[in-house]
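S.K.: There's a structure below that I have some questions on.
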Amino acid sequence: MRKSQTLENCCLVPKHITDQEIQMIKKIKRSGLLACGLMLALSAQSQGETISEAVDQVIQTNPQVQSQIHNRLARDQEVVQARAGYYPTLDGYLAGGYANYNEPVDDELDPYEAGFNLRQNVFRGFADQGEIARQKARVDSSAYLLQGTSEDLALATSRVYINVLRKQELKEIADENLEIHLRIADQIKLRSDSGVSSQADTDQIQGRLALAQSNVVIAETNLQDAMSEYLAVVGHLPMNLTQPLPPNNKMFDSLEDATLAALAANPILKSAAADLEARQQQYEVAKAPFYPILDIELDQRWDEDISVSTVTGEREWFQALGRVRYNFFNGFRDQGRKAETLEQVSEAREIKNNTERQVVESMRLSWMAYMSVLDRIDYLRNYLKSSRSTATAYAKQFDIGKRSLLDVLDAEAEAVTAQADLVDAEADGLFAQYRILAATAQLVDSFGLAWPEEALVENDQ
């Protein structure tokens with residue numbers, strides 16, 4: 001892509017033309033003047049926005065990121081809850097009321113009781129260990145999803161950023177093309193007034209001039225659409241965007257290297273692997289009911305007038321128990337739960353396998369697109385050079401009567417097409433590199449940025 005110009009260029013009027021022609025161009029551009037004015041006002045308050053700044057803005061403010069941050073923090077608390085099984089439980093109770101006994105003797109009592117119960121689980125069939133491991137895996141899965149979302153948003157921001165620059169350049173090309181046609185039209189008018197040009201030449205230039213005017217309108221509309229999309233993604237209109245540099249220092253040497261990097265670092269694949277681990281730990285938890293439960297219980301109790309059959313008055317007692325419990329039958333509930341979780345493990349494994357296939361396929365497509373556009377750029381640069389040289393030569397030959405006006409106009413149209421195709425190809429090439437980096441979880445880093453703190457995984461640090 002050529003060096004980027006500011007968006008105020010979309011409001012420029014070609015120079016060295018008549019007042020009537022200026023009014024005609026202004027009429028064509030009227031639809032974009034309001035947006036250009038807004039852009040100029042914003043630009044006056046800003047020194048420009050780099051692609052890194054735009055990506056950072058999106059990651060910091062996007063609601064999807066914020067939602068996943070809260071989800072990650074919530075799962076941290078699920079780990080806290082799972083660890084509660086390692087700690088004792090302490091319950092206290094207090095009761096009081098009225099009792100009326102008829103047998104064996106008639107009596108009225110005002111009983112009360114109070115006490116504490118301390119219980120410490122010693123063994124629960126490895127349920128606590130499994131549940132903690134499961135929740136930790138879910139925390140990792142949530143963090144990886146946040147990484148993936150950050151990379152996806154960085155890629156989306158890159159796309160709209162590049163697209164605004166692309167549409168700017170295409171608008172500039174359309175403006176330049178219109179200016180060329182206006183100059184040719186002016187030249188043909190002078191030749192016609194001198195009796196040198198035919199009516200056919202006049203008709204031809206008028207038709208091509210109308211087409212150039214139409215292309216300006218289309219280019220302006222496309223630019224406004226790109227700006228609107230930028231607003232939707234970034235949260236504000238683009239302001240003096242600058243052409244980003246290709247991340248060549250981050251690129252891979254081959255498809256194999258890129259694929260291996262994606263399989264090792266792709267956040268969505270890592271999230272699927274963490275989900276599989278969570279399911280496996282859930283299966284371990286489901287096996288816990290087939291083991292006995294061992295608790296140690298300490299009871300401290302105080303009561304008064306609790307029973308007419310005993311001596312009235314206050315009592316205090318303490319007991320320490322080791323309690324073993326084992327369920328022999330509960331309607332096959334535990335067996336069903338165990339079988340269910342085993343199927344869920346298989347489901348999660350297949351999801352991971354499918355995600356891995358998608359990562360490989362996506363990387364292959366991205367790499368092939370990147371290689372293809374690199375070759376295309378080389379061809380288009382040569383094509384532009386030759387077509388522009390031809391257009392220049394034809395214009396000179398037309399001046400001395402060795403070329404027709406149609407030859408000049410066709411050559412100029414071919415040069416414009418070549419220039420526009422090159423702009424598109426260079427934009428596509430840059431975005432293709434960003435796609436590859438996003439698939440390997442390196443796009444955010446390539447901009448000198450970092451994921452949100454909640455996206456970090458302890459084992460990856």
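S.K.: Where does each of R134, R323 land when they are ranked from fewest to most other beta-carbon atoms within 10 angstrom?
M.R.: R323, R134
S.K.: A follow-up question, please. I'd like to compare 159-172, 187-200: which one has the highest average count of other Cβ atoms within 10 Å, and what's the full order after that?
M.R.: Descending packing order for the listed peptides: 159-172, 187-200.
S.K.: Can I ask one more? Dipole size in debye (nearest 20) for the range 344-405 around its Cα centre, Lys and Arg Cβ +1, Asp and Glu Cβ -1?
M.R.: Charge dipole of the range 344-405: 560 debye, to the nearest 20.
S.K.: What order, most packed first, do the peptides 122-132, 80-90 have when packing is the mean number of other Cβ atoms within 10 Å of each residue?
M.R.: The densest-packed peptide leads the list: 122-132, 80-90.
S.K.: Around R349, under 12 Å between beta carbons, what's the net of Lys plus Arg minus Asp minus Glu among the other residues?
M.R.: Computed value for this residue: -4.
S.K.: If you don't mind, there's one more thing I want to ask. How high is the relative contact order of the chain, in percent, counting Cα pairs under 8 Å that sit 6 or more residues apart?
M.R.: Reported as a whole number, the value is 25 percent.
S.K.: What is the calculated FRET efficiency for T242 to D203, with r their C-beta to C-beta distance and R₀ = 41 Å, to the nearest 0.05?
M.R.: Result of the calculation: an efficiency of 0.40.
S.K.: Longer than 28 Å from Cα to Cα, which of K136/K287; K189/K402; K167/K189; K189/K385 are they? Say none if no pair is.
M.R.: K167/K189; K189/K385
S.K.: Here's a follow-up. How would you rank H181, H236, going from fewest to most other Cβ atoms within 10 Å of each one's own Cβ?
M.R.: By the 10 Å Cβ count, ascending: H236, H181.
S.K.: A follow-up question, please. Label V196 and A210 with points 7 Å out from Cα along Cα→Cβ: what is the distance between them in nm?
M.R.: Each label point is offset 7 Å from its Cα along the Cβ direction, giving 2.6 nm.
S.K.: Then there's this: Within the range 53-90, find all residues whose amide N lies under 20 Å from a label point positioned 7 Å from the Cα of A320 along Cα-to-beta-carbon.
M.R.: 87-90
S.K.: Now for a separate question. Candidates (i) 37.7, 139; (ii) 22.1, 63; (iii) 20.6, 63; which is the computed Rg and Dmax of the Cα atoms in Å?
M.R.: Computed from the coordinates, Rg and Dmax of the Cα atoms in Å corresponds to (i).
S.K.: Here's something else I'd like to know. Taking amide H atoms as placed 1.01 Å from N in the peptide plane, list the residues 5 or more away in sequence, or in a different chain, whose amide H sits under 5 Å from that of Q243.
M.R.: S4
S.K.: Roughly what percent of Cα-Cα pairs across the range 247-397 reach past 18 Å?
M.R.: Tail of the P(r) past 18 Å holds 78 percent of the pairs.
S.K.: Work out the charge dipole of the range 112-219 with +1 on the Cβ of Lys and Arg and -1 on the Cβ of Asp and Glu about the Cα centre, then indicate which of S197, Y144, I180 is farthest towards its positive end.
M.R.: Y144
S.K.: For a bin width of 5 Å, list the pair-distance distribution of the range 201-313 built from all Cα-Cα distances, rounded to whole %.
M.R.: Result, from short to long distances: 2, 7, 5, 6, 6, 7, 8, 8, 7, 6, 5, 5, 4, 4, 4, 3, 3, 3, 2, 1, 1, 1, 1, 0, 0, 0 percent.
S.K.: Rounded to whole Å and sorted largest first, what semi-axes of the equivalent ellipsoid does the C-alpha gyration tensor of the range 329-436 yield via the square root of 5 times each eigenvalue?
M.R.: 64, 11, 7
S.K.: A follow-up question, please. Considering the options P63, A127, N222, tell which one lies farthest towards the positive end of the dipole of the chain, charges being +1 on Lys and Arg and -1 on Asp and Glu at the Cβ, about the Cα centre.
M.R.: In the chain, that residue is N222.
S.K.: Using a Förster distance of 51 Å, how high is the FRET efficiency between F332 and F116, based on the Cβ-Cβ distance and rounded to 0.05?
M.R.: With R0 = 51 Å, the Cβ-Cβ based efficiency is 0.85.
Readers should treat all values here as calculations from the given coordinates under stated rules, not as data from a laboratory. Not measured: the values here are computed from a predicted model. For neighbour counting, all protein chains shown are included, and Cβ atoms are generated from backbone atoms with ideal geometry for every residue, glycine included.
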